[in-house]
Amino acid sequence: MSLTWSAKDHKNMSQAAATGHKRSRNDTGNKATVVLGAQWGDEGKGKVVDLLATEADLVCRCQGGNNAGHTVVVDGKEYDFHLLPSGIINTKSISLIGNGVVIHLPGLFEEGDKNDKKGLKGWEKRLIVSDRAHIVFDFHQVVDGLQETERQAQEGKNIGTTKKGIGPAYSSKASRTGLRVCDLLGDFKDFSMRFKNLVHQYQSMYPSLKVDVEDQLKKLKEYGERLRPMVRDGVYYMYEALHGSPKKILVEGANAALLDIDFGTYPFVTSSNCTVGGACTGLGIPPLNIGDVFGVSKAYTTRVGIGAFPTEQLNAVGELLQTRGHEVGVTTGRKRRCGWLDLVIVRYAHMINGFSAIALTKLDILDVLDEIKVGVAYKLNGKRIPHFPANMDVLHKVEVEYETFPGWKTDTSAARKWNDLPAKAQNYIRFIENHIGVPIKWVGVGKSRECMIQMF
(Lines give C-alpha, C1' and ligand atoms only; values in the text may rest on other atoms or scores of the structure.)
Protein backbone atom coordinates (compact mmCIF):
# COMPACT_ATOMS: atom_id res chain seq x y z
CA MET A 1 0.00 0.00 0.00
CA SER A 2 1.56 3.31 -1.03
CA LEU A 3 1.79 5.99 1.60
CA THR A 4 2.00 8.96 -0.69
CA TRP A 5 -0.62 11.51 -1.59
CA SER A 6 -0.64 10.85 -5.32
CA ALA A 7 -0.70 13.40 -8.11
CA LYS A 8 -4.01 11.85 -9.20
CA ASP A 9 -5.57 12.66 -5.82
CA HIS A 10 -4.34 16.21 -6.10
CA LYS A 11 -5.64 16.54 -9.65
CA ASN A 12 -9.07 15.19 -8.69
CA MET A 13 -9.29 17.59 -5.78
CA SER A 14 -8.14 20.53 -7.89
CA GLN A 15 -10.50 19.67 -10.75
CA ALA A 16 -13.48 19.54 -8.43
CA ALA A 17 -12.49 22.89 -6.96
CA ALA A 18 -11.76 24.49 -10.34
CA THR A 19 -15.08 23.52 -11.91
CA GLY A 20 -17.04 24.49 -8.83
CA HIS A 21 -18.38 20.92 -8.47
CA LYS A 22 -19.67 19.94 -5.10
CA ARG A 23 -17.78 16.89 -3.84
CA SER A 24 -20.18 14.00 -3.66
CA ARG A 25 -21.04 13.08 -0.06
CA ASN A 26 -21.45 9.40 -0.83
CA ASP A 27 -17.91 8.91 -2.08
CA THR A 28 -16.77 8.29 1.46
CA GLY A 29 -14.54 5.30 0.85
CA ASN A 30 -14.41 2.10 2.86
CA LYS A 31 -16.17 1.75 6.19
CA ALA A 32 -14.57 0.47 9.37
CA THR A 33 -16.44 -2.06 11.49
CA VAL A 34 -15.93 -1.43 15.21
CA VAL A 35 -16.16 -4.03 18.00
CA LEU A 36 -16.64 -2.63 21.51
CA GLY A 37 -17.23 -3.91 25.03
CA ALA A 38 -20.70 -3.09 26.38
CA GLN A 39 -20.00 -3.81 30.06
CA TRP A 40 -16.86 -3.66 32.26
CA GLY A 41 -14.58 -5.58 29.92
CA ASP A 42 -13.86 -9.31 29.51
CA GLU A 43 -17.00 -9.77 27.39
CA GLY A 44 -15.35 -11.90 24.73
CA LYS A 45 -14.51 -9.13 22.25
CA GLY A 46 -11.46 -11.12 21.10
CA LYS A 47 -13.73 -13.92 19.90
CA VAL A 48 -15.97 -11.58 17.90
CA VAL A 49 -12.95 -9.80 16.42
CA ASP A 50 -11.41 -13.16 15.57
CA LEU A 51 -14.60 -14.19 13.78
CA LEU A 52 -14.63 -10.98 11.71
CA ALA A 53 -10.85 -10.88 11.29
CA THR A 54 -10.89 -14.02 9.16
CA GLU A 55 -12.25 -11.82 6.35
CA ALA A 56 -10.63 -8.51 7.25
CA ASP A 57 -7.80 -6.87 5.31
CA LEU A 58 -6.84 -4.57 8.16
CA VAL A 59 -7.40 -5.09 11.91
CA CYS A 60 -6.66 -2.10 14.18
CA ARG A 61 -6.24 -1.29 17.84
CA CYS A 62 -7.17 2.33 18.63
CA GLN A 63 -6.71 2.84 22.40
CA GLY A 64 -5.43 1.35 25.63
CA GLY A 65 -2.26 -0.66 25.88
CA ASN A 66 -1.24 -4.02 27.22
CA ASN A 67 -3.80 -3.60 30.01
CA ALA A 68 -6.20 -5.32 27.62
CA GLY A 69 -6.35 -9.08 27.45
CA HIS A 70 -7.91 -11.02 24.60
CA THR A 71 -7.80 -14.80 24.36
CA VAL A 72 -8.33 -16.41 20.98
CA VAL A 73 -8.52 -20.17 20.42
CA VAL A 74 -7.59 -21.47 16.96
CA ASP A 75 -7.20 -25.16 16.14
CA GLY A 76 -7.12 -25.97 19.83
CA LYS A 77 -4.26 -23.49 20.44
CA GLU A 78 -4.85 -20.66 22.88
CA TYR A 79 -3.26 -17.30 22.06
CA ASP A 80 -3.22 -14.41 24.54
CA PHE A 81 -3.06 -10.91 23.15
CA HIS A 82 -2.56 -7.75 25.17
CA LEU A 83 -1.14 -5.23 22.72
CA LEU A 84 -1.22 -7.01 19.37
CA PRO A 85 -4.56 -6.82 17.52
CA SER A 86 -6.21 -10.30 17.59
CA GLY A 87 -6.25 -10.14 13.77
CA ILE A 88 -2.50 -10.88 13.79
CA ILE A 89 -3.49 -14.58 13.65
CA ASN A 90 -4.83 -14.10 10.14
CA THR A 91 -1.83 -14.36 7.79
CA LYS A 92 -3.76 -12.56 5.02
CA SER A 93 -4.46 -9.41 7.00
CA ILE A 94 -2.42 -6.50 8.27
CA SER A 95 -2.63 -5.46 11.92
CA LEU A 96 -2.31 -1.80 12.88
CA ILE A 97 -1.55 -0.27 16.26
CA GLY A 98 -2.97 3.25 16.08
CA ASN A 99 -1.86 6.58 17.51
CA GLY A 100 -4.32 6.30 20.42
CA VAL A 101 -2.57 3.21 21.79
CA VAL A 102 0.20 3.49 24.37
CA ILE A 103 2.96 0.97 23.67
CA HIS A 104 5.25 -0.78 26.12
CA LEU A 105 7.97 -1.98 23.75
CA PRO A 106 9.37 -4.83 25.90
CA GLY A 107 5.77 -6.00 26.36
CA LEU A 108 5.07 -5.88 22.62
CA PHE A 109 8.08 -7.99 21.64
CA GLU A 110 7.68 -10.38 24.54
CA GLU A 111 4.07 -11.00 23.52
CA GLY A 112 5.01 -11.47 19.88
CA ASP A 113 7.86 -13.87 20.68
CA LYS A 114 5.74 -15.86 23.15
CA ASN A 115 2.97 -16.35 20.59
CA ASP A 116 5.60 -17.06 17.91
CA LYS A 117 6.65 -20.10 19.97
CA LYS A 118 3.02 -21.24 19.94
CA GLY A 119 3.03 -21.07 16.14
CA LEU A 120 2.25 -17.43 15.30
CA LYS A 121 4.84 -17.04 12.55
CA GLY A 122 5.77 -13.87 10.66
CA TRP A 123 3.80 -11.52 12.91
CA GLU A 124 6.41 -8.73 12.60
CA LYS A 125 5.83 -8.57 8.84
CA ARG A 126 2.07 -8.18 9.34
CA LEU A 127 2.23 -5.47 11.99
CA ILE A 128 2.17 -1.72 11.40
CA VAL A 129 2.66 0.80 14.18
CA SER A 130 1.63 4.45 14.01
CA ASP A 131 4.53 6.88 14.47
CA ARG A 132 2.25 9.04 16.63
CA ALA A 133 1.65 6.36 19.31
CA HIS A 134 3.00 7.20 22.76
CA ILE A 135 5.49 4.97 24.56
CA VAL A 136 4.97 3.36 27.97
CA PHE A 137 8.31 3.20 29.78
CA ASP A 138 9.27 0.73 32.50
CA PHE A 139 9.22 3.54 35.06
CA HIS A 140 5.59 4.33 34.10
CA GLN A 141 4.79 0.80 35.27
CA VAL A 142 6.69 1.28 38.54
CA VAL A 143 4.88 4.59 39.10
CA ASP A 144 1.55 2.86 38.43
CA GLY A 145 2.29 0.53 41.34
CA LEU A 146 3.49 3.39 43.57
CA GLN A 147 0.31 5.37 42.89
CA GLU A 148 -1.84 2.36 43.82
CA THR A 149 0.09 1.94 47.09
CA GLU A 150 -0.36 5.65 47.80
CA ARG A 151 -4.11 5.52 47.11
CA GLN A 152 -4.42 2.51 49.39
CA ALA A 153 -2.59 4.37 52.18
CA GLN A 154 -4.51 7.63 51.77
CA GLU A 155 -8.04 6.48 51.00
CA GLY A 156 -7.98 2.86 52.09
CA LYS A 157 -8.84 1.84 48.55
CA ASN A 158 -7.16 1.62 45.18
CA ILE A 159 -8.43 1.77 41.60
CA GLY A 160 -7.48 -1.80 40.74
CA THR A 161 -5.16 -0.85 37.89
CA THR A 162 -3.34 -3.59 35.97
CA LYS A 163 -0.03 -1.86 36.89
CA LYS A 164 0.97 -1.86 33.22
CA GLY A 165 1.81 1.86 33.29
CA ILE A 166 -1.14 2.84 31.12
CA GLY A 167 -2.49 5.63 33.37
CA PRO A 168 0.91 7.27 33.93
CA ALA A 169 1.69 7.07 30.17
CA TYR A 170 -1.59 8.79 29.29
CA SER A 171 -0.82 11.34 32.03
CA SER A 172 2.54 12.08 30.39
CA LYS A 173 0.73 12.40 27.06
CA ALA A 174 -1.85 14.83 28.49
CA SER A 175 0.79 16.92 30.25
CA ARG A 176 2.77 17.09 26.95
CA THR A 177 5.89 15.48 28.37
CA GLY A 178 5.25 12.08 26.76
CA LEU A 179 7.48 10.57 24.09
CA ARG A 180 6.19 8.99 20.91
CA VAL A 181 7.40 6.35 18.49
CA CYS A 182 8.44 9.09 16.03
CA ASP A 183 10.64 10.64 18.77
CA LEU A 184 12.37 7.32 19.43
CA LEU A 185 13.10 6.88 15.72
CA GLY A 186 14.19 10.50 15.26
CA ASP A 187 17.26 12.20 16.73
CA PHE A 188 18.28 9.85 19.53
CA LYS A 189 20.27 12.55 21.34
CA ASP A 190 17.17 14.69 21.59
CA PHE A 191 15.09 11.67 22.63
CA SER A 192 17.62 10.82 25.37
CA MET A 193 17.50 14.33 26.76
CA ARG A 194 13.70 14.36 26.88
CA PHE A 195 13.67 10.86 28.41
CA LYS A 196 16.03 12.02 31.18
CA ASN A 197 13.84 15.06 31.86
CA LEU A 198 10.76 12.85 32.10
CA VAL A 199 12.53 10.53 34.55
CA HIS A 200 13.59 13.51 36.69
CA GLN A 201 10.04 14.84 36.66
CA TYR A 202 8.74 11.53 38.04
CA GLN A 203 11.60 11.17 40.53
CA SER A 204 10.78 14.57 42.01
CA MET A 205 7.21 13.31 42.60
CA TYR A 206 8.28 9.82 43.73
CA PRO A 207 11.65 10.06 45.49
CA SER A 208 11.83 6.25 45.91
CA LEU A 209 11.76 5.77 42.11
CA LYS A 210 15.04 4.28 40.87
CA VAL A 211 15.78 4.31 37.13
CA ASP A 212 18.98 3.17 35.43
CA VAL A 213 18.72 5.79 32.68
CA GLU A 214 21.67 4.65 30.56
CA ASP A 215 20.57 1.01 30.65
CA GLN A 216 17.01 2.01 29.71
CA LEU A 217 18.22 4.16 26.81
CA LYS A 218 20.43 1.36 25.50
CA LYS A 219 17.45 -1.03 25.50
CA LEU A 220 15.13 1.55 23.97
CA LYS A 221 17.57 2.14 21.13
CA GLU A 222 17.59 -1.60 20.40
CA TYR A 223 13.80 -1.84 20.56
CA GLY A 224 13.56 1.21 18.29
CA GLU A 225 15.66 -0.49 15.61
CA ARG A 226 13.56 -3.65 15.80
CA LEU A 227 10.41 -1.56 15.57
CA ARG A 228 11.58 0.72 12.73
CA PRO A 229 10.49 -1.51 9.79
CA MET A 230 6.94 -1.62 11.18
CA VAL A 231 6.48 2.11 11.68
CA ARG A 232 4.39 4.22 9.29
CA ASP A 233 2.63 7.56 9.31
CA GLY A 234 -0.66 6.25 10.69
CA VAL A 235 -2.82 9.06 9.32
CA TYR A 236 -1.73 8.56 5.70
CA TYR A 237 -1.83 4.79 6.07
CA MET A 238 -5.41 4.92 7.35
CA TYR A 239 -6.45 7.41 4.68
CA GLU A 240 -5.10 5.18 1.92
CA ALA A 241 -6.80 2.14 3.46
CA LEU A 242 -10.12 3.99 3.57
CA HIS A 243 -9.90 5.53 0.12
CA GLY A 244 -7.94 2.94 -1.87
CA SER A 245 -9.30 -0.33 -3.26
CA PRO A 246 -12.27 -1.92 -1.42
CA LYS A 247 -11.09 -3.25 1.93
CA LYS A 248 -12.61 -4.77 5.04
CA ILE A 249 -11.35 -2.71 7.97
CA LEU A 250 -11.93 -3.85 11.54
CA VAL A 251 -11.33 -1.87 14.73
CA GLU A 252 -10.85 -3.84 17.92
CA GLY A 253 -11.84 -1.88 21.01
CA ALA A 254 -10.08 -2.71 24.28
CA ASN A 255 -11.63 -2.41 27.75
CA ALA A 256 -15.32 -1.35 27.60
CA ALA A 257 -17.98 1.37 27.83
CA LEU A 258 -18.23 1.29 31.63
CA LEU A 259 -14.44 1.66 31.88
CA ASP A 260 -14.35 4.68 29.54
CA ILE A 261 -12.51 7.69 31.02
CA ASP A 262 -15.52 9.94 30.25
CA PHE A 263 -18.54 7.64 30.40
CA GLY A 264 -17.42 4.89 32.76
CA THR A 265 -17.82 4.46 36.51
CA TYR A 266 -15.22 7.16 37.27
CA PRO A 267 -12.73 7.02 38.99
CA PHE A 268 -12.77 3.21 38.62
CA VAL A 269 -12.10 3.40 34.91
CA THR A 270 -9.24 3.14 32.45
CA SER A 271 -7.41 6.18 31.05
CA SER A 272 -8.72 6.18 27.47
CA ASN A 273 -11.96 6.43 25.51
CA CYS A 274 -13.08 2.85 24.90
CA THR A 275 -16.34 3.98 23.31
CA VAL A 276 -16.84 4.58 19.57
CA GLY A 277 -15.23 8.05 19.58
CA GLY A 278 -11.91 6.42 20.48
CA ALA A 279 -11.92 4.64 17.12
CA CYS A 280 -11.98 8.01 15.35
CA THR A 281 -9.40 9.79 17.50
CA GLY A 282 -7.17 6.75 18.02
CA LEU A 283 -6.77 5.97 14.32
CA GLY A 284 -7.66 9.15 12.44
CA ILE A 285 -10.89 7.74 11.00
CA PRO A 286 -13.58 10.35 10.16
CA PRO A 287 -17.03 9.57 11.66
CA LEU A 288 -18.33 9.22 8.10
CA ASN A 289 -16.14 6.13 7.67
CA ILE A 290 -17.47 4.29 10.69
CA GLY A 291 -19.73 1.44 9.54
CA ASP A 292 -21.21 -1.21 11.81
CA VAL A 293 -20.60 -0.88 15.53
CA PHE A 294 -20.93 -4.21 17.31
CA GLY A 295 -21.33 -4.31 21.07
CA VAL A 296 -20.23 -7.38 23.01
CA SER A 297 -21.95 -8.40 26.23
CA LYS A 298 -21.85 -11.52 28.37
CA ALA A 299 -25.14 -13.26 29.23
CA TYR A 300 -24.35 -12.14 32.80
CA THR A 301 -22.08 -9.39 34.23
CA THR A 302 -18.52 -9.41 35.56
CA ARG A 303 -16.17 -6.78 36.88
CA VAL A 304 -12.51 -6.84 37.93
CA GLY A 305 -11.24 -4.72 40.81
CA ILE A 306 -13.32 -2.36 42.92
CA GLY A 307 -16.11 0.05 42.01
CA ALA A 308 -19.91 -0.04 42.05
CA PHE A 309 -21.58 -3.15 40.63
CA PRO A 310 -25.37 -3.03 41.19
CA THR A 311 -26.24 -6.60 40.06
CA GLU A 312 -23.28 -8.28 41.82
CA GLN A 313 -24.16 -11.55 43.54
CA LEU A 314 -22.07 -12.14 46.67
CA ASN A 315 -23.61 -15.58 47.12
CA ALA A 316 -23.75 -19.08 45.62
CA VAL A 317 -24.95 -17.69 42.26
CA GLY A 318 -21.95 -15.34 42.01
CA GLU A 319 -19.63 -18.19 42.94
CA LEU A 320 -21.19 -20.52 40.39
CA LEU A 321 -20.80 -17.93 37.61
CA GLN A 322 -17.20 -17.34 38.68
CA THR A 323 -16.20 -21.02 38.66
CA ARG A 324 -18.30 -22.18 35.68
CA GLY A 325 -17.26 -19.15 33.64
CA HIS A 326 -13.57 -19.42 34.68
CA GLU A 327 -13.82 -15.73 35.52
CA VAL A 328 -10.18 -14.83 36.06
CA GLY A 329 -8.60 -11.78 34.36
CA VAL A 330 -6.34 -12.57 31.37
CA THR A 331 -4.05 -9.65 32.24
CA THR A 332 -4.15 -9.61 36.04
CA GLY A 333 -5.02 -13.17 37.03
CA ARG A 334 -7.52 -11.66 39.51
CA LYS A 335 -10.85 -13.37 40.18
CA ARG A 336 -13.66 -11.44 38.54
CA ARG A 337 -16.71 -10.36 40.52
CA CYS A 338 -19.90 -11.82 39.03
CA GLY A 339 -23.59 -10.98 38.92
CA TRP A 340 -26.78 -11.04 36.86
CA LEU A 341 -26.99 -9.39 33.45
CA ASP A 342 -27.55 -5.65 33.93
CA LEU A 343 -29.47 -4.22 30.98
CA VAL A 344 -29.29 -0.70 32.41
CA ILE A 345 -25.56 -0.61 31.66
CA VAL A 346 -25.92 -2.29 28.26
CA ARG A 347 -28.58 0.25 27.24
CA TYR A 348 -26.34 3.05 28.51
CA ALA A 349 -23.46 1.66 26.40
CA HIS A 350 -25.83 1.63 23.41
CA MET A 351 -26.78 5.30 24.01
CA ILE A 352 -23.12 6.27 23.66
CA ASN A 353 -22.02 3.86 20.93
CA GLY A 354 -25.14 3.37 18.79
CA PHE A 355 -24.71 -0.38 18.36
CA SER A 356 -25.85 -1.87 15.03
CA ALA A 357 -26.00 -5.30 16.68
CA ILE A 358 -24.85 -7.18 19.75
CA ALA A 359 -22.88 -10.35 20.38
CA LEU A 360 -24.12 -12.13 23.51
CA THR A 361 -21.41 -14.42 24.86
CA LYS A 362 -21.11 -17.23 27.43
CA LEU A 363 -24.79 -18.17 27.39
CA ASP A 364 -23.77 -21.77 28.20
CA ILE A 365 -22.55 -20.69 31.65
CA LEU A 366 -26.22 -20.19 32.64
CA ASP A 367 -27.21 -23.76 31.56
CA VAL A 368 -27.38 -25.16 35.12
CA LEU A 369 -29.40 -22.41 36.82
CA ASP A 370 -32.98 -22.99 38.01
CA GLU A 371 -33.87 -19.37 37.49
CA ILE A 372 -32.12 -16.46 35.84
CA LYS A 373 -32.55 -12.80 36.69
CA VAL A 374 -32.00 -9.74 34.52
CA GLY A 375 -31.61 -6.21 35.90
CA VAL A 376 -33.96 -3.94 33.95
CA ALA A 377 -34.08 -0.69 35.96
CA TYR A 378 -32.53 1.14 38.91
CA LYS A 379 -34.55 2.65 41.75
CA LEU A 380 -33.51 5.39 44.15
CA ASN A 381 -35.68 5.85 47.25
CA GLY A 382 -38.26 3.56 45.68
CA LYS A 383 -38.49 5.59 42.45
CA ARG A 384 -37.20 4.42 39.07
CA ILE A 385 -34.42 6.62 37.74
CA PRO A 386 -34.34 7.22 33.97
CA HIS A 387 -30.56 7.47 33.64
CA PHE A 388 -27.33 5.76 34.59
CA PRO A 389 -25.91 7.74 37.57
CA ALA A 390 -22.58 9.52 37.08
CA ASN A 391 -21.97 9.78 40.83
CA MET A 392 -20.50 6.64 42.38
CA ASP A 393 -22.13 7.19 45.79
CA VAL A 394 -25.50 7.28 44.05
CA LEU A 395 -24.69 4.15 42.02
CA HIS A 396 -23.79 2.30 45.22
CA LYS A 397 -27.23 3.14 46.63
CA VAL A 398 -29.43 2.08 43.71
CA GLU A 399 -31.79 -0.82 44.10
CA VAL A 400 -32.05 -3.06 41.03
CA GLU A 401 -35.41 -4.06 39.58
CA TYR A 402 -35.22 -7.57 38.12
CA GLU A 403 -37.15 -9.69 35.64
CA THR A 404 -36.94 -13.39 36.49
CA PHE A 405 -36.80 -16.15 33.89
CA PRO A 406 -37.00 -19.92 34.32
CA GLY A 407 -33.68 -21.64 33.60
CA TRP A 408 -33.47 -24.02 30.61
CA LYS A 409 -31.42 -26.64 32.50
CA THR A 410 -30.03 -28.02 29.23
CA ASP A 411 -26.49 -28.14 27.88
CA THR A 412 -26.31 -25.54 25.09
CA SER A 413 -22.57 -25.91 24.34
CA ALA A 414 -23.22 -28.11 21.28
CA ALA A 415 -25.76 -25.69 19.75
CA ARG A 416 -24.60 -24.35 16.37
CA LYS A 417 -27.78 -22.64 15.13
CA TRP A 418 -30.72 -20.77 16.65
CA ASN A 419 -33.08 -23.76 16.50
CA ASP A 420 -30.62 -25.89 18.51
CA LEU A 421 -31.21 -23.64 21.54
CA PRO A 422 -33.94 -24.56 24.06
CA ALA A 423 -37.10 -22.41 23.89
CA LYS A 424 -36.41 -20.87 27.33
CA ALA A 425 -32.94 -19.78 26.20
CA GLN A 426 -34.49 -18.29 23.05
CA ASN A 427 -36.97 -16.35 25.22
CA TYR A 428 -34.11 -15.00 27.35
CA ILE A 429 -32.27 -13.82 24.24
CA ARG A 430 -35.37 -12.23 22.68
CA PHE A 431 -36.14 -10.39 25.92
CA ILE A 432 -32.64 -8.88 25.99
CA GLU A 433 -32.93 -7.85 22.35
CA ASN A 434 -36.31 -6.16 22.84
CA HIS A 435 -35.29 -4.44 26.05
CA ILE A 436 -32.15 -2.86 24.60
CA GLY A 437 -33.71 -2.29 21.20
CA VAL A 438 -30.72 -3.75 19.36
CA PRO A 439 -30.68 -7.05 17.45
CA ILE A 440 -28.46 -9.85 18.72
CA LYS A 441 -26.31 -11.06 15.83
CA TRP A 442 -24.26 -13.73 17.61
CA VAL A 443 -24.81 -15.97 20.61
CA GLY A 444 -21.72 -17.57 22.15
CA VAL A 445 -21.97 -20.99 23.80
CA GLY A 446 -18.31 -21.93 24.23
CA LYS A 447 -14.66 -21.00 23.85
CA SER A 448 -13.86 -21.65 20.21
CA ARG A 449 -14.81 -19.91 16.96
CA GLU A 450 -17.35 -22.63 16.09
CA CYS A 451 -19.32 -21.89 19.27
CA MET A 452 -20.60 -18.53 18.01
CA ILE A 453 -24.12 -19.01 16.66
CA GLN A 454 -24.76 -16.44 13.92
CA MET A 455 -28.37 -15.28 13.89
CA PHE A 456 -28.44 -13.20 10.70
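The values are calculated or read from the model by the stated rules, or taken from the named source; none is laboratory data. Values in this document were obtained by computation on a predicted structure and should not be read as measured data. Note that we place each Cβ from the backbone using ideal geometry, even for glycine, and neighbour counts take in every protein chain shown. Side chains are part of the model used for accessible areas, which takes the heavy atoms of the whole protein and leaves out ligands, DNA and RNA. Shrake-Rupley method; radii C 1.70, N 1.55, O 1.52, S 1.80 Å.
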So which of LYS397, LYS373, LYS379, LYS362 ends up being open to solvent by 30 Å² or more (accessible area, probe 1.4 Å) and touching a Gly at 6+ places or on another chain (Cβ under 7 Å)? LYS362
For region 403-436 the number of residues that are in contact (Cβ under 8 Å) with a residue 60 or more places away in the chain and within 15 Å of ASP370 (Cβ to Cβ) is 2
Boolean, LEU217 is farther than 29 Å from ASN289 by Cβ, touching a Ser or Thr at 6+ places or on another chain (Cβ under 7 Å), at pLDDT 95 or above and not charged (D, E, K, R): yes
Please state which one of SER93, SER171 is within 21 Å of SER204 (Cβ to Cβ) and either under 22 Å from the mean Cα position of the chain (by Cα) or open to solvent by 20 Å² or more (accessible area, probe 1.4 Å) (or both). SER171
Pair list, Cβ < 8 Å and 6+ apart or interchain, from region 130-151 residues that are touching a residue at least 40 places away in the same chain (Cβ under 8 Å) to residues that are of a type in the set (Phe, Trp, Tyr): SER130/TYR237; HIS134/TYR170; PHE137/PHE195; PHE139/TYR202; VAL143/TYR202; VAL143/TYR206; LEU146/TYR206
Say we look at region 176-192 and pick out the residues that are assigned to a helix (DSSP H, G or I) and in contact with a helix residue (DSSP H, G or I) (Cβ under 9 Å, 6 or more places away or on another chain); which of these is most open to solvent (accessible area, probe 1.4 Å)? ASP190
Take the residues in region 193-214 that are farther than 10 Å from PHE139 by Cα and among the aromatic types (Phe, Trp, Tyr); name whichever of them is most open to solvent (accessible area, probe 1.4 Å). TYR206
What single numbered condition from (1) open to solvent by 50 Å² or more (accessible area, probe 1.4 Å); (2) assigned to a helix (DSSP H, G or I); (3) within 30 Å of ARG126 (Cβ to Cβ) fails to hold for ARG151? (3)
Can you name the helices (runs of 4 or more DSSP H) wholly within region 233-351 that have at least 3 residues being open to solvent by less than 30 Å² (accessible area, probe 1.4 Å) and closer than 30 Å to TYR378 by Cα? 316-324
Enumerate the pairs (first residue in region 179-207 and under 16 Å from ALA169 (Cβ atoms); second residue anywhere and open to solvent by 40 Å² or more (accessible area, probe 1.4 Å) and among the hydrophobic types (A, V, I, L, M, F, W, C)) with beta-carbon separation below 7 Å, excluding pairs fewer than 6 apart on the same chain, so at least 6 apart or on different chains. TYR206/LEU146
A careful count of residues in region 38-60 that are in contact with a Gly (Cβ under 6 Å, 6 or more places away or on another chain) and not in a loop (DSSP other than H, G, I, E, B) gives 4
In region 259-275, how many are closer than 13 Å to VAL346 by Cα and among the aliphatic types (A, V, I, L, M)? 1
